[in-house]
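Below: the structure, in structure tokens.
The values are calculated or read from the model by the stated rules, or taken from the named source; none is laboratory data. As the structure is a prediction and not an experimental result, all values here were calculated from the model. When we count neighbours, we look across all protein chains shown, and the Cβ atoms used for this are built from the backbone with ideal geometry, even at glycine.
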Amino acid sequence: MEVGYTCQAASSLRANDDFVLATERFVIVLDGATAAVGVESGCVHGVPWLVARLGVNLAGLLVRDFGAGLVDVLRGGIVATMRDHGDGCDLRNPDSPSTTVAILRCGAEFVDYIVLGDSAVVVERGDGELVVAHDDRTAYLTDRSVEGVSRLRNTDEGFWVASNRPEAADKAIAGSVPLADVTRAALMTDGVTRLVERYGRSWLDLLERMDEHGPRAVVADVRAEELASPPGAYRGKLHDDATAVFCRF
Ligand SMILES: [Zn+2]
């Protein structure tokens, strides 16, 4: 598997809460949730710490047991990261730092993937069919207030992310495609998937664009769309941290 990626902060003034760890055999993409102002997380660490630590823990599990099921890898990564917080953090706090997770692994016979939260994995088969793993539950939250999101996080009524609940791994979208069938694949955080969700592009279009011009081209596209949108057209911040990974088989 040949891998290329870009991981760009929304602004040079803020830390990047996205994180990528890529080898020729697996790719891990994390998108940490930006901490809401004034919310006590019970954690002495920050979001960049969480995504880096979870990323390294997931990679360690993948290296040590390359055939492990990805649900087990994800659960193990969450458990190891909870341990890493140490005694100084209150992991019962529902606002403990959290992150989405997307993993793609190129095994001997299968390409396996898992997605938790609103990042996406797209796998293209030789017959042109696209397998899209994308959990868009955060787009349908019944309450977007700080308190509402805190209440809905890691519940079936709301959405699941990697934080202080190992059972979140069982809520992820996971699957496998025979390696011989796979031609191309991509992983993206929601800073890039908004090209599809907001701006009318197709998943295939994003794959083609990355294939021809590299992952940075789709981040340039999303920045251009954001700047061209009328002020206030979309909820939330103008730009988001944006990560795009392109894999060729
Ligand atoms: Zn902590």
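Matching residues to (1) touching a strand residue (DSSP E or B) at 6+ places or on another chain (Cβ under 7 Å); (2) within 16 Å of the ligand (Cβ to nearest atom); (3) hydrophobic (A, V, I, L, M, F, W, C); (4) at pLDDT 95 or above:
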position: Val115; (1), (2), (3), (4): yes, no, yes, yes
position: Leu130; (1), (2), (3), (4): yes, no, yes, yes
position: Thr142; (1), (2), (3), (4): no, no, no, no
position: Gly148; (1), (2), (3), (4): no, no, no, no
position: Asp156; (1), (2), (3), (4): no, no, no, no
position: Ala162; (1), (2), (3), (4): yes, yes, yes, yes
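Scan region 77-109 residue by residue and report those that are outside any loop (DSSP other than H, G, I, E, B) and either within 14 Å of the ligand (Cβ to nearest atom) or free of Cβ contacts under 8 Å to residues at least 24 places away in the same chain (or both).
Ile78, Ala80, Thr81, Met82, Arg83, Asp84, His85, Thr99
Just the residues that are buried (at least 17 other Cβ atoms within 10 Å of the Cβ) and of a type in the set (S, T, N, Q), please, taken from region 12-52.
Asn16, Ser41
Looking only at region 110-158, count every residue that is more than 24 Å from Tyr5 (Cα to Cα), touching a residue at least 40 places away in the same chain (Cβ under 8 Å) and surrounded by fewer than 18 Cβ atoms within 10 Å (Cβ to Cβ) and tell me the total.
6
For the list (1) within 14 Å of the chain's Cα centre (by Cα); (2) within 10 Å of the ligand (Cβ to nearest atom); (3) not hydroxyl-bearing (Ser, Thr, Tyr), I need the number of the one condition that Val44 fails.
(1)
Which residue pairs have Cβ atoms closer than 6 Å, lie 6 or more positions apart in sequence or on different chains, and pair a first residue in region 22-51 that is farther than 23 Å from Glu147 by Cβ with a second residue that is at pLDDT 95 or above and among the basic types (Lys, Arg)?
Phe26/Arg105
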